[in-house]
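All of the numbers you see were taken from the coordinates with simple rules; none came from a lab. Remember, predicted model here, so these are calculated numbers, not experimental data. So basically every Cβ, Gly included, is an ideal-geometry build from the backbone, and we count neighbours across all protein chains shown.
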Amino acid sequence: MVRSIVWPLLTATASFFGEIAAYTYNRRYIDNSSGTPEVIIPGASSYNGLNLVPQMGWNNWNAFHCDVNESLLLSTAQAMVNFGLRDLGYNYVVLDDCWSIGRDAGGNLVPDPIKFPNGMKYVADKIHSLGMKFGMYSSAGVFTCGRYPGSLGYEQQDANLWANWGVDYLKYDNCFNQGQSGTPKISFDRYNVMSQALNKTGRPIVYSMVSSCVIGATTTPMIGRTRLPTAAACPATSTIPSTDLMPRCPCTEAIGCAWPGFHCSVMNILNKMAAITSRTMTGYFNDMDMLEIGNGGQTDSEYVVHFSMWAMHSSPLLIGTNVLTLSPANLAIYSNPAIIALNQDPSGTAAIRKWQYFVDPDETGEGEIALWTRSLDNGDQVIALLNAANRTMMMNATMRDIFFDQATAGAYREPEELRKTWDVYDLWANRMTAAEAGSIINGTAGNFTFNTNSTANPRVTRYNATATSYEDGLKNNNTALLGLKVGSIAPSGTWSAEIARHSVGMYRLRARETPVPRKKDEL
């Protein structure tokens, strides 16, 4: 079964599709008390309150495929609570394919009574009682990719059933679509039926569309603004650490990728994102697929790259491994609040690749180094010095590299960013130790106080986002979200760091406040 693009979009209180005209042109202005006009854009997806930041949670597919049941879902949800993952923001438990045995005489989907003896509403209620949300899977075809009943022709009936069960998230695939593809408009119309059906239920349900690269084969990148999947990014389900091109992953770039394949590498998926940075926004996130940390095939540093760059690109962070058997090292990666804070940043932006160089092609096998940057909502900047080469590299990021777009925007004077001093925070410096993570897994960690005045303690490793949002935590300068201060960059200066092979340096840059000159009569 191939799952290659997951595009989480939202539905419920506003029409999801067909709103491009309203999104672009149909805006009205309302004067508020400050005298500044407020722009209201009817129908814009980010205005219905859903999907403002990427989803976080767990999906069973990568680790379990069809071997799923009620016990697995509920025990995983409980473990996520026990391990502190729910309070970090991982609050979706998503059931993937293979859950139904067919339809009854009335046309309603019937859950497998062996796998789910108490029914789906029971599962949803139990998950909700833990303060979490429940996700469901189907396909915009007559069958799902696993050849179970699909929802084509049953959209409203299925949507009503899921709403009655208490579903909060729909992962909607593209298998067995009866040839209803071939142009963006045909695919748009087919997916729009389910969008409208979900809206009519009145229940807020996040809509995650999966193209399996079939829509991608007939859709151009510009369709991203109409809230449809695009050919521009075709991330695969089974990621591997190699930077080499795999036979099952024929495309190395997004543009013109008619059949991206599957089992692609982390680097292959990451480099396809470079062309579609502008497609990421609140209400629409390019999903690079479920996280593989814990499934083997990668070193610890490669897992760090995987997690860091998914967060950097605002990809939904859906754990794709067996939570019940997480190692301390893997839990420590999933639990880094300083990295999660990038993913959950209100800006809803994605990283921009500023440069990429291929190194050592004739010595130890071809590798690459790259600089990715991202602007955050509060004015902070984040840089990723990515070393996918086969040796440790000293890497540099100049201020002009970091603020290249601002410096080349045709301004009549040097951009303000280049005239500032920026403090640099290492976002992995405070990674939870294996001993601490192990005590959490074993239930011997004891009680910890979250979100106190952590600026007095530079070694804060945990965070409770259910108590204080990531946005508010950053306003409070919570050290758990900042990492460790490791230096500064002077105006027009350079940041240099030694980055190990197959690893990444992740740094948050925060501008120092410029002192306001005092007037002569104040001296």
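Miscellaneous remarks
- Global geometry of the range 56-346, whether rounded, prolate or oblate, following the gyration tensor of its Cα atoms and the 1.5 cut on a/c: oblate
- Sites matching GluC sites (Glu not before Pro) across the range 315-417 that sit in DSSP coil, with at most 12 neighbouring C-beta atoms within 10 Å: 363
- FRET efficiency for residue 121 and residue 390, using Cβ-Cβ distance with R0 set to 35 Å, rounded to 0.05: 0.10
- With a Förster radius of 35 Å applied to the beta-carbon distance between residue 200 and residue 324, the computed FRET efficiency rounds to 0.40.
- Of 285, 403, 358, the sequence from fewest to most neighbouring Cβ atoms within 10 angstrom is 358, 403, 285.
- By the rule of a C-alpha distance below 26 Å, with chain neighbours fewer than 8 residues away ignored, the lysines paired with residue 272 are 171, 185, 354.
- Between residue 439 and residue 255, the distance separating the two model label sites (each 7 Å from Cα on the Cα→Cβ line) works out to 5.3 nm.
- Residue by residue, the range 400-408 carries 3J(HN,Hα) couplings of 6, 4, 5, 10, 4, 5, 5, 6, 10 Hz when phi is fed to the Karplus relation 6.51 cos²θ - 1.76 cosθ + 1.60 (θ = phi - 60°); x denotes Gly or Pro.
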